[in-house]
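The values are calculated or read from the model by the stated rules, or taken from the named source; none is laboratory data. Everything quoted here is computed from the prediction, not taken from an experiment. Here the Cβ is made from the backbone with ideal geometry for all residues, glycine too, and neighbour counts use every protein chain on show.
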Amino acid sequence: MRFWVSHTSEVPVREQLVTQIALAILSEDLKPGARLPSTRDLARRFRIHANTVSAAYRDLEGQGWLESRRGSGVYVRKRSHSKPLAPTQVLDRLIAQLIRSARELGLPLSVVRSRLRRSLELQPPDHFLLIEPSQSLSEIVTAEMRSAVTMPVLCSDMSVCGIQQELEGAILVVLPSKAETVRKQLPVGVDLLQLRLRSIPDSLAHWTPVRGDALVAVASAWPDFLTRARTMLIAAGFHPDGLLLRDSAASDWTTGLDQVSAVVCDSLTATKVPKNCRAIPFPLLAESSLAELRGYEQFISQSSSSRSM
């Protein structure tokens, strides 16, 4: 078994030896029962003090990797398969397997070290990114997302799909109607979370049946909301002449709202309805979809906490 020792590294020589020997055992480069070089031999080979080698051997013996045999030397200990490995030992085994695979591919250690360092330096996702070409719709959806999560929620049009640096560190989300188009434009392997929409009949259930003479305003800056809400309200029993459509992007959209029974609106417009008017917000996103976003956020938070320990 070949070992390396760097005298200029910030990592102590003792730790270098401990790590290399443990990984060699895990990767089976050192078989159970194999005899290790004597402390004197290793000390002479690497021009280090014999006490440093002895200390490394003692560390490994304390961890259960090695055993000393009086008058014979130090050997790799035969481990019982019935005893499960500690999580750190499992991790060491995975690292050892990675190094072995890299060696079989002919990759130098410097390349492995560089790639590992790059992977470790990559930050976990730290924000949500909604890809939606309609500005008025994206504003509504991002507002609903922000009410459910604490991570930043950004939005962009389709052009972001081709800019790799804009995608890094983001959990990409999209509405169902745009999912297929967005996936085709994203690089291969980039994940995309599809949001789910709230059931309109369920949202209307609390407001039906209605009085035939009720005067109701439908307000939103998103044109499709106005059209779809009007259609659904008529289907639910509202009279067409009793529905007033208001573009909430217009400066005078609140004029006359004090004459209506209620203002049916999207969740963002609901925050702008005059206080003397009754707002009935119709959220676009399903509660299950918001719960999924919170789950992603919680997982990332737990992963970051574990990584920093």
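Could you list, in sequence order, the residues of region 128-151 that are among the acidic types (Asp, Glu) and in a helix (DSSP H, G or I)? Walk me through it before giving the result.
First pass over region 128-151, keeping only residues among the acidic types (Asp, Glu): 132, 139, 144.
Result: GLU139, GLU144.
When the helices (runs of 4 or more DSSP H) confined to region 1-102 are screened for residues that are more than 27 Å from LEU116 (Cβ to Cβ), those reaching at least 3 such residues are found at 39-46, 50-62.
Does region 167-181 hold any residues that are of a type in the set (A, V, I, L, M, F, W, C) and in a loop (DSSP other than H, G, I, E, B), and which are they?
Within region 167-181, the first condition is being of a type in the set (A, V, I, L, M, F, W, C), and the residues that meet it are 167, 170-175, 179.
Within region 167-181, just LEU175 meets the criteria.
Condition check ((1) loosely packed, with under 11 Cβ neighbours inside 10 Å; (2) modelled with pLDDT of 90 or more) across all residues:
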position: ALA102; (1), (2): no, no
position: LEU105; (1), (2): yes, no
position: PRO124; (1), (2): no, no
position: GLN135; (1), (2): no, yes
position: ARG146; (1), (2): no, yes
position: CYS161; (1), (2): no, yes
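State whether one or more residues within region 216-227 are more than 17 Å from SER267 (Cβ to Cβ), out of contact with any Gly (no Cβ under 9 Å at 6 or more places or on another chain) and touching a residue at least 12 places away in the same chain (Cβ under 8 Å). No, because not a single residue in region 216-227 is more than 17 Å from SER267 (Cβ to Cβ), out of contact with any Gly (no Cβ under 9 Å at 6 or more places or on another chain) and touching a residue at least 12 places away in the same chain (Cβ under 8 Å).
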